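Following: one structure in structure tokens, then a few remarks.
The values are calculated or read from the model by the stated rules, or taken from the named source; none is laboratory data. Since this is a predicted model, take the numbers as computed values, not measurements. Counting neighbours? That spans all protein chains shown, and the Cβs are built from the backbone with ideal geometry, glycine included.
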């Protein structure tokens, strides 16, 4: 799709930053282009911290695959694919990126990442400043695309999400009475902190291509360098939680040519367009060895996530 092709074509691939087996290749906007200033929206974490939004169960009884979101401010709020929300009856992650206008209330599609709890801890959800682990996000991406294409819904494969979380909890050898993804993150906090300290946002960096063990695994792109900078810590942690399974003392990064080939496959992927739940449109991508999803609004790509798939 042209808006995605144009967005990626305008970016420069920077030199990789690496820590052990995780490498990030910066995607840098040109000096005379847009995307350097502040975004015209708030991120969900910011909105919740400033009490400009509320996320609750859809009713007292609740519904696993959906939550109620209310933007109580006059500003737009961006909910990013994979963001984790904690509290209420069980922790959830957001199934795709959504841009919600000021004063709007909508129901948002989510997946559970805490299988063993269905009881209230809080009346409203809070921010966890975490994202669904990258490998699970990649699988979820494909299932949400299939759901949109075949049923007009935005549902993931809940059983597969639970299985991915359970595998990660087992790898981390952490006791988790409710099977919560949060427990895996917390148990490896020191390792994940070491990864995050190794990466920094460069000037005008709007995204990054991630590689684990010398193989490209995914990309993240925003319309604003300021937004990417705020998201970087969460992005690193989501990939690092996968990377720690095979980490050794070597710093590994693939050749730039392999990264460029991955970006070319994303640009060449087939695109399907759907009206978004909030503003703009959902674009779902599928191509040779890649899958992705984007939110476009106002003639630009607000957020794009893409993954290498088998």
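Remarks
- Cβ separations smaller than 9 Å between residues 6+ apart or across chains give the following pairs from the range 192-219 residues that are without any contact (Cβ under 8 Å) to a residue 60 or more places away in the chain to residues that are part of a loop (DSSP other than H, G, I, E, B) and crowded, with 17+ Cβ neighbours inside 10 Å: 192/244.
The rows are residues; the columns are (1) part of a strand (DSSP E or B); (2) in contact with a helix residue (DSSP H, G or I) (Cβ under 7 Å, 6 or more places away or on another chain); (3) within 21 Å of residue 177 (Cα to Cα).
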position: 111; (1), (2), (3): yes, yes, yes
position: 116; (1), (2), (3): no, no, yes
position: 139; (1), (2), (3): no, yes, no
position: 156; (1), (2), (3): no, yes, no
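- Any hit, the range 184-204, residues being at pLDDT 95 or above, in contact with a strand residue (DSSP E or B) (Cβ under 6 Å, 6 or more places away or on another chain), in a strand (DSSP E or B) and crowded, with 21+ Cβ neighbours inside 10 Å: no
- Filter result (modelled with pLDDT under 95 and closer than 17 Å to residue 156 by Cβ) within the range 292-310: 309
- Residue 103 being more than 20 Å from residue 277 (Cβ to Cβ), over 18 Å from the mean Cα position of the chain (by Cα) and surrounded by fewer than 22 Cβ atoms within 10 Å (Cβ to Cβ): no
- Failed condition for residue 171, given (1) touching a helix residue (DSSP H, G or I) at 6+ places or on another chain (Cβ under 7 Å); (2) assigned to a helix (DSSP H, G or I); (3) in contact (Cβ under 8 Å) with a residue 60 or more places away in the chain; (4) over 16 Å from residue 305 (Cα atoms): (1)
- Assessment of the range 276-291 against the conditions (assigned to a loop (DSSP other than H, G, I, E, B), at positive phi and at pLDDT below 95) yields at least one matching residue.
- The residues in the range 17-59 that are assigned to a loop (DSSP other than H, G, I, E, B) and either surrounded by 22 or more Cβ atoms within 10 Å (Cβ to Cβ) or modelled with pLDDT under 95 (or both) can be counted, and the count is 14.
- You will find that of 179, 126, 142, the residue that is over 30 Å from residue 278 (Cα atoms) and in contact with a strand residue (DSSP E or B) (Cβ under 7 Å, 6 or more places away or on another chain) is 179 and no other.
- Number of the condition not met by residue 143 [criteria: (1) closer than 18 Å to residue 91 by Cα; (2) assigned to a helix (DSSP H, G or I)]: (1)
Listed here are the residues, each with its yes/no results for (1) surrounded by 14 or more Cβ atoms within 10 Å (Cβ to Cβ); (2) in contact with a helix residue (DSSP H, G or I) (Cβ under 8 Å, 6 or more places away or on another chain); (3) touching a residue at least 40 places away in the same chain (Cβ under 8 Å); (4) assigned to a helix (DSSP H, G or I).
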position	(1), (2), (3), (4)
242	yes, yes, yes, yes
250	no, no, yes, no
258	yes, no, yes, yes
265	yes, no, no, yes
301	yes, yes, yes, no
